[in-house]
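Asker: Right, I'll just put the structure down here and ask away after.
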Amino acid sequence: MSTALLFFNEKKILIKDTSSGVNLIEPFRVDSYNKFVEDRINHLIQSSVIQKGIDIDQIIVDTSEGILVPNEIYNPSRKEAYLKLNYIDLDSDKGIVDEKLESINAYFISSRLNWFTSFCEKNLPQIPISNSSKIYLDKALKESKNDVHIVLKQNSFDLIKLQNQKLHSFNTIEYNTVTDVIYFLIAHLNKLPIKAKSIVLYGTEKQGAEATVLFSKVETLSKLELNTFSEIELINFLA
């Protein structure tokens with residue numbers, strides 16, 4: 001039985017075949033949610049996935065807000081308070097969810113659009129939903145040792161620092177341009193993990209090219225190796 005991955009980044013829905021990486025639908029942009037949008041998403045899933053004998057086995061959500069809280073101090077009744085310490089103006093149309101990261105004994109707390117949660121509960125029940133940052137952290141901790149990872153999203157980027165295959169730090173930061181991201185990185189070079197030699201950056205092809213140019217122009221970055229990967233390569237990594 002073929003399987004598919006449904007990916008949602010708060011603005012568009014993408015469904016791709018897990019094994020081949022082929023997109024099963026044209027990316028469907030969601031600017032506002034209503035009955036027409038719900039019916040359209042359902043039709044796309046039915047005609048492009050279910051009727052072809054393909055099962056959606058995982059839903060991955062990409063959001064702009066996320067934090068880690070160690071298990072030792074975590075209180076599930078206070079997950080909203082934890083998140084709002086970092087994101088005071090959290091949108092009222094978003095709910096707050098937590099996910100356990102067994103690899104580092106911590107909880108990942110993030111936001112999720114309420115309409116999307118309701119849609120999945122109604123139309124895709126029992127299919128697991130995970131935050132992309134949580135999945136990325138789990139996988140990166142198994143594969144990387146002393147790298148710095150930058151994952152560019154719609155309005156924010158994850159900055160993940162690893163040292164000796166352990167998490168050194170994790171932050172989600174708002175940005176407008178790739179230049180903002182690189183300047184933020186430069187300002188934090190003295191806080192990089194010991195022996196970190198490479199930067200792993202996921203983004204669009206244009207963002208990767210911009211970062212490459214900036215790295216070539218900034219002397220303080222010359223000793224670091226930049227490895228850029230596309231959005232599709234990111235989804236392949238998460239799948």
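Asker: Could you size up the charge dipole of the range 2-61 around its Cα centre, putting +1 on the beta carbon of Lys and Arg and -1 on that of Asp and Glu, and report it in debye to the nearest 20?
Answerer: Working: 7 positive and 8 negative charges, 29 e Å.
I would put it at about 140 debye.
Asker: Search the structure for amide H atoms under 5 Å from the amide H of T18, placed 1.01 Å from N in the peptide plane, and list their residues when 5 or more places away or on another chain.
Answerer: For T18, the qualifying residues are T3, A4, L5.
Asker: Would you mind counting up the charge near I56? Only other residues with Cβ under 13 Å from its Cβ, with Lys and Arg at +1 and Asp and Glu at -1. Write down the numbers at each step before the final one.
Answerer: Details: positive: K16, K52; negative: D17, D55, D57.
With Lys, Arg at +1 and Asp, Glu at -1, the net is -1.
Asker: Projecting each Cα onto the charge dipole of the chain (Lys/Arg +1, Asp/Glu -1 at the beta carbon, about the Cα centre), which of I129, I173, F7 comes out farthest on the positive side?
Answerer: Highest projection toward the positive end goes to I173.
Asker: I would also like to ask the following. I need the phi-derived Karplus couplings for the range 44-56: 6.51 cos²θ - 1.76 cosθ + 1.60, θ = phi - 60°, integer Hz, Gly and Pro marked x.
Answerer: Result, rounded to whole Hz: 4, 5, 5, 6, 9, 10, 4, 5, 9, x, 10, 9, 7.
Asker: To continue, here is another question. How do F237, F36, F157 rank when sorted from fewest to most other Cβ atoms within 10 Å of their own Cβ? Walk me through the numbers before you get to the answer.
Answerer: Numbers: F237 16, F36 9, F157 26.
Lowest count first: F36, F237, F157.
Asker: List the lysines whose Cα lies under 21 Å from the Cα of K142, skipping any in the same chain that are fewer than 8 positions away.
Answerer: By straight Cα distance, K142 reaches K100, K134, K161, K166, K195, K197.
Asker: For I127, what charge total do you get from the other residues with a beta carbon under 14 Å from its beta carbon, if Lys and Arg give +1 and Asp and Glu give -1? List each step's numbers first, then the result.
Answerer: On the way: positive: K122; negative: D55, D57, E121.
Net of charged neighbours comes to -2.
Asker: Still on this structure, please answer the following. 5 Å is the cut-off here: which amide hydrogens, built 1.01 Å from N in the peptide plane, fall below it relative to H168, excluding neighbours closer than 5 in sequence?
Answerer: Excluding prolines and chain starts, which carry no amide H, the hits are K161, L162, Q163.
Asker: Each residue of the range 32-38 in order: what ³J(HN,Hα) in whole Hz does its phi give by Karplus 6.51 cos²θ - 1.76 cosθ + 1.60, θ = phi - 60°, with x for Gly and Pro?
Answerer: 8, 10, 8, 4, 4, 4, 4
Asker: Also, I was wondering about something else. Could you give me the ³J(HN,Hα) list for the range 9-17, computed from phi with Karplus coefficients 6.51, -1.76, 1.60 and θ = phi - 60°, whole Hz, x at Gly and Pro?
Answerer: For the range 9-17, the Karplus-derived couplings read 10, 6, 10, 8, 10, 10, 10, 9, 5 Hz, x marking Gly and Pro.
Asker: Moving on to the next point. Cβ under 13 Å from G21's Cβ, G21 left aside: what net charge do those residues give with Lys, Arg +1 and Asp, Glu -1?
Answerer: Details: positive: K16; negative: D17, E231, E233.
Local net charge: -2.
Asker: Ok, one more. Based on Cβ point charges of +1 for Lys and Arg and -1 for Asp and Glu, what charge dipole magnitude is obtained for the chain about its Cα centre, in debye rounded to the nearest 20? Please list the in-between numbers first.
Answerer: Working: 27 positive and 31 negative charges, 95 e Å.
Charge dipole, the chain, about its Cα centre: 460 debye, nearest 20.
Asker: Considering amide H positions built from the backbone, and no H for Pro or chain starts, which residues 5 or more places from F229, or on another chain, come under 5 Å of its amide H?
Answerer: L201, Y202, G203
Asker: Jot down the per residue volume, in cubic angstrom and as a whole number, of the convex hull over the alpha-carbon atoms of the chain. Could you put the intermediate results ahead of the total?
Answerer: Values: hull volume 32.7 nm³, N = 239.
Given the Cα convex hull of the chain, per-residue volume reads 137 Å³.
Asker: Let me ask another. How large, in Å, is the range 173-239 by the Kirkwood hydrodynamic radius built from its alpha-carbon pairs?
Answerer: Result for the range 173-239, one decimal place: 12.7 Å.
Asker: Per residue of the chain, what 222 nm ellipticity follows from adding -39500 (n - 2.57) for every DSSP H run with n ≥ 4, rounded to the nearest 500? Please list the in-between numbers first.
Answerer: Values: 7 runs with 75 residues, N = 239.
Mean residue ellipticity, 222 nm, calculated: -9500 deg cm²/dmol.
Asker: Principal axis lengths of the range 108-239 from Cα atoms, whole Å, largest first?
Answerer: 53, 31, 23
Asker: To continue, here is another question. Between K142 and I88, what length comes free when the chain is fully extended (0.36 nm per residue of separation minus the Cα-Cα distance, one decimal in nm)? Could the numbers behind the result be given before it?
Answerer: Details: separation 54, 0.36 × 54 = 19.44 nm, distance 3.28 nm.
My answer for the length gained is 16.2 nm.
Asker: Any idea what the dipole of the range 45-109 comes to, in debye rounded to 20, about its Cα centre with Lys/Arg Cβ at +1 and Asp/Glu Cβ at -1? Present the calculation step by step, with values, prior to reporting the outcome.
Answerer: Values: 6 positive and 12 negative charges, 17 e Å.
In total the dipole reaches around 80 debye.
We did not get these values from a lab; they are worked out from the coordinates using the rules stated. Bear in mind that the values here come from a model prediction, so they are computed numbers and not experimental data. With ideal geometry, Cβ positions are generated from the backbone for all residues, glycine too; neighbour counts draw on all protein chains shown.
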